[in-house]
1. From the list A:181, A:166, which one is free of Cβ contacts under 8 Å to residues at least 60 places away in the same chain and within 30 Å of residue A:50 (Cβ to Cβ)?
2. Scan (1) closer than 15 Å to residue A:172 by Cα; (2) in contact with a Pro (Cβ under 6 Å, 6 or more places away or on another chain) for the single condition residue A:224 breaks and write down its number.
3. Quick one: how many residues across the range A:193-216 are crowded, with 19+ Cβ neighbours inside 10 Å and either more than 13 Å from DNA strand D (Cβ to nearest atom) or of a type in the set (Asp, Glu) (or both)?
4. Looking at the range A:19-40, which of its residues are surrounded by fewer than 16 Cβ atoms within 10 Å (Cβ to Cβ) and in a strand (DSSP E or B)?
5. Which numbered condition in (1) touching a Phe, Trp or Tyr at 6+ places or on another chain (Cβ under 8 Å); (2) within 14 Å of DNA strand C (Cβ to nearest atom); (3) not acidic (Asp, Glu) is the only one that residue A:235 fails?
6. If I go through the range B:217-241 residue by residue, how many of them are without any contact (Cβ under 8 Å) to a residue 24 or more places away in the chain, surrounded by 15 or more Cβ atoms within 10 Å (Cβ to Cβ) and not in a strand (DSSP E or B)?
7. Just the residues that are in a loop (DSSP other than H, G, I, E, B) and either on the phi < 0 side of the Ramachandran plot or modelled with pLDDT of 95 or more (or both), please, taken from the range B:186-216.
Number of protein chains: 2
Amino acid sequence: MTSFVSTQARGIRLAVMDTDSGFVQVLVKRLEPTDWHHRVSAVPLQVDTLVGMRLDAVVLDLTIVGNQGWSYLETVCDRMPGLGVVVCTGRSSLAQRVRGLRLGADDWVTKPCHPEELIARVEAVVRRRTRDALRQEASSRVIGELEIRSEHFQAFVAGASLDLTRREFELLQLLAGAEGRVLPREEIYQRVWGYAMARGDRSVDVFVRKLRSKLERSSPGWRYIHTHFGVGYRLEGEPVAGEPLAAPGVPDTGAVALSHA
Amino acid sequence: MTSFVSTQARGIRLAVMDTDSGFVQVLVKRLEPTDWHHRVSAVPLQVDTLVGMRLDAVVLDLTIVGNQGWSYLETVCDRMPGLGVVVCTGRSSLAQRVRGLRLGADDWVTKPCHPEELIARVEAVVRRRTRDALRQEASSRVIGELEIRSEHFQAFVAGASLDLTRREFELLQLLAGAEGRVLPREEIYQRVWGYAMARGDRSVDVFVRKLRSKLERSSPGWRYIHTHFGVGYRLEGEPVAGEPLAAPGVPDTGAVALSHA
DNA sequence: ACCGGCTTTCACAGGACGTTCACCGCTGAG
DNA sequence: CTCAGCGGTGAACGTCCTGTGAAAGCCGGT
């Protein structure tokens, strides 16, 4: 889950990990009439489980984690950098709050606490996360013969759709948003898939291949995705050297290709 | 994964709008030893002024704004969606906090409040945005005929790429960052390879050779990497003496070469 | 429950890259 | 001048990375 679909259209996907049944009950009651998806657990969920839940945010009572509260918090924040983390706990010291926030928590709420405020804080945290992602996608971008229309979730060449799947389009959009910069694999994975890349995961490569294939099919004569060995990928329109389609000596499209500079 | 992605955290740019001189004084004291830039004001600054300050975050005491607190808050959040907004105020009602958060505030802190926690919360608010923003620092450095573009992981001469490999580029980048100083072998190895150099390891020499080779191929007429016997290497653009291309007596390009120092 | 498309995982092959080695020329000190 | 040590050079080798095709898993729609 990334970015674009998340918060505006659909409700927020939230996990609540807390044992305080009274508090949780009131909170759930309040969430009932909303379009949020929520799941409640009295025990800390496995991090892998959390990853699979495609969440926008978690509310976590640190006391239920026990001794390993800090490492758990750190792991969660580390593995899912895009996740909003609101720690919600009973009496806590200044030092604890500061430590939690420094470890990656986005907010720290002390009980007793009204559900309305907690919800507002979760919204604020998710909003902050989504804000940047949303900003990039408004404009339709042109690269070489390629036109990316965010509002259509599609890329076009000469008006014809490339028939990109969701992931393919997200990848393309991310690369396009980088404006010619090289994006490391880890970052691509993190921003398209939403969580940290496992070592040995080849998903990015596979999708680059699919993208290249569709780009080649619709726009031969142009290269778009450039590999940077040991680093990642970069998107830039570049007319294929050996095949000047229009004017052999001076490919007039060349100017467009280098326009970014 | 070394160095290059390693965003050295630039200090946060923060504006504090509050009249509580005691609190502000303590806060400023705490900010003193950090690399944050901060500006304090006892009155709400004009929104246009804020825009011009290129801030990362503001700490705002709503009570100093008076009746128009809400609209001010809303305007600020609206005009600067990327700005972190932490409202910091005295006794406040639940409804006020919820309203503030819904209007776009990222956090709401109630005084009395320890500066350390406020700072940690500002950090938390800015954290995500910073993560993305920092990578934008596409500093491209020019040395002699050579242009180093970090965002491409490449060096160029007259627009043509040198086709540096990852290690080669890291080495070049490191040397360029030293701005003409001599870097000992051990330090180069440590910072590019990430661990201590084994005695007798010649890797640095080999890569210097490869770099020199590619530099010579793309930019003859200039020397870049200078050996310091028994110590290490130094990077500085220097027109080759025996071959003054333009003006024999006074190589006008020489000025350019040394300009960076 | 079935089906089709999308995503993830796997295995393999080719190749780019990094490391190491041996040899030679050069530097600097006595 | 001479020598020991340091740095330059080219090539061989092994490793790891990426491209690629296909099979297996997953999900949504029918």
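1. Going through A:181, A:166 in turn, the sole match is A:166.
2. The single condition residue A:224 does not satisfy is (2).
3. Selection size over the range A:193-216: 3.
4. A:39
5. All conditions pass for residue A:235, except number (2).
6. Residues meeting the conditions: 0.
7. Once the filter is applied, which keeps residues that are in a loop (DSSP other than H, G, I, E, B) and either on the phi < 0 side of the Ramachandran plot or modelled with pLDDT of 95 or more (or both), the range B:186-216 yields B:195, B:196, B:197, B:198, B:199, B:201, B:202.
Yes/no matrix, rows are residues, columns are (1) within 11 Å of chain B (Cβ to nearest Cβ); (2) more than 16 Å from DNA strand C (Cβ to nearest atom); (3) β-branched (Val, Ile, Thr); (4) more than 24 Å from the chain's Cα centre (by Cα):
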| position | (1), (2), (3), (4) |
| --- | --- |
| A:104 | yes, yes, no, no |
| A:111 | no, yes, no, yes |
| A:116 | yes, yes, no, yes |
| A:121 | yes, yes, no, no |
| A:129 | yes, yes, no, no |
| A:175 | no, no, no, no |
| A:181 | yes, yes, no, no |
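The values are calculated or read from the model by the stated rules, or taken from the named source; none is laboratory data. Note that the structure is predicted; figures quoted are calculated from it, not measured. A quick note on method: Cβ atoms are made from the backbone with ideal geometry, for glycine too, and the neighbour counts reach across all protein chains shown.
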